[in-house]
Amino acid sequence: MKIVRMLGVAALVLVLQACGPTYQTIYDFTPPASANGRACVSQCQVSQGHCRNACAATVDACQSRMKLQARQDYERYARQQVDAGREVRRTPASFESLHACSDSSCRQACEGDFRICYGTCGGSVSGTTICTSGCDK
């Protein structure tokens with residue numbers, strides 16, 4: 001029942017995404033003129049790297065928790081099936097929902113912080129939004 005519900009939600013998300021155009025913003029970075037500004041941007045890049053690593057660590061921890069939970073759910077299911085004299089048809093992987101461990105919002109926050117930092121250092125950031133799919137011709 002849980003899988004059917006999840007498939008229904010996934011199908012709804014896909015349908016809603018197909019309803020309209022998809023946009024992407026491309027950023028152009030102009031470095032600061034001063035040596036101090038460029039050194040500052042280097043620190044922004046270091047901070048961005050730390051932020052991305054923190055996102056990856058968060059995703060790894062989430063996936064570990066989800067896999068453990070899936071294993072426990074599978075064992076409970078298998079035990080119930082055996083106790084009821086029914087065949088165990090599902091696999092441990094069918095209980096995993098690793099998509100819940102996305103890092104997209106975390107990474108977007110890292111990128112936004114980097115753009116702010118870059119501008120604070122004296123560089124300029126300009127964005128151009130383009131339609132990438134579902135565009136009116």
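The values are calculated or read from the model by the stated rules, or taken from the named source; none is laboratory data. Source: prediction; values computed, not measured. So basically every Cβ, Gly included, is an ideal-geometry build from the backbone, and we count neighbours across all protein chains shown.
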Just to check your reading of the model, which residue among Q43, Q24 is modelled with pLDDT under 95 and exposed (fewer than 12 other Cβ atoms within 10 Å of the Cβ)? Q24
Going by what's in this entry, would T30 be described as modelled with pLDDT of 90 or more, β-branched (V, I, T) and loosely packed, with under 11 Cβ neighbours inside 10 Å? no
Let me confirm something: among T58, T129, which residue is of a type in the set (V, I, T) and under 30 Å from A39 (Cβ atoms)? T58
Subset of segment 113-124 (residues that are in a helix (DSSP H, G or I) and touching a residue at least 60 places away in the same chain (Cβ under 8 Å)): D113, F114, R115, C117, Y118, T120
So, in segment 81-129, of the ones that are in contact with a strand residue (DSSP E or B) (Cβ under 6 Å, 6 or more places away or on another chain) and among the β-branched types (V, I, T), which residue ends up nearest to S47 (Cα to Cα)? V125
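Determine if segment 95-112 includes at least one residue that is in contact (Cβ under 8 Å) with a residue 60 or more places away in the chain, part of a helix (DSSP H, G or I) and closer than 30 Å to A35 by Cβ.
yes
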Whether any residue in segment 59-81 is exposed (fewer than 11 other Cβ atoms within 10 Å of the Cβ) and not in a helix (DSSP H, G or I) is what I want to check. no
Which of the numbered conditions does D136 fail, given that it passes all the others? Conditions: (1) within 28 Å of P32 (Cα to Cα); (2) exposed (fewer than 11 other Cβ atoms within 10 Å of the Cβ); (3) among the charged types (D, E, K, R). (1)
Of the numbered conditions (1) under 25 Å from D103 (Cβ atoms); (2) of a type in the set (A, V, I, L, M); (3) over 23 Å from the mean Cα position of the chain (by Cα); (4) not in a helix (DSSP H, G or I), A33 fails exactly one; give the number of that condition. (1)
Of the residues R86, R38, which single one is more than 25 Å from the chain's Cα centre (by Cα), among the charged types (D, E, K, R) and outside any helix (DSSP H, G or I)? R86
